[in-house]
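Laboratory data are not the source of any read-out in this text; all were calculated from the coordinates shown. Model, not experiment: these values are computed from the prediction. Heads up, the Cβs are rebuilt from the backbone with ideal geometry, glycines too, and the neighbour counts pull from every protein chain shown.
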């Protein structure tokens, strides 16, 4: 029975730590780039690259 109580206490500690980690992750998730954000950035970089090539090849 003592072993069970120790395991249960450890489970409670782990559960508490997971809640803290999830809260931190959720707070940071708003700063992550989405697939759409990356596609827009890629398009802008491609356009910039083409414009630079046109300017320097004239």
For labels at residue 11 and residue 52 in the simple 7 Å Cα→Cβ model, what's the distance in nm?
5.7 nm
Any chance you could get the radius of gyration and Dmax over the Cα atoms of segment 2-56, in Å?
23.8, 77
Which angle from 0 to 90°, rounded to the nearest 10, does the C-alpha axis of helix 2-28 make with the longest principal axis of the chain?
20 degrees
With n ≥ 4 as the cut-off for DSSP H runs, can you work out [θ] at 222 nm for the chain, using -39500 (n - 2.57) per run divided by the number of residues, rounded to the nearest 500?
-30000 deg cm²/dmol
Rounding to the nearest 10 and keeping the result within 0 to 90°, find how far the Cα-based axis of helix 35-56 lies from the longest principal axis of the chain.
30 degrees
Gain on full stretching of the segment that runs from residue 23 to residue 4 - 0.36 nm per residue minus C-alpha separation:
4.0 nm
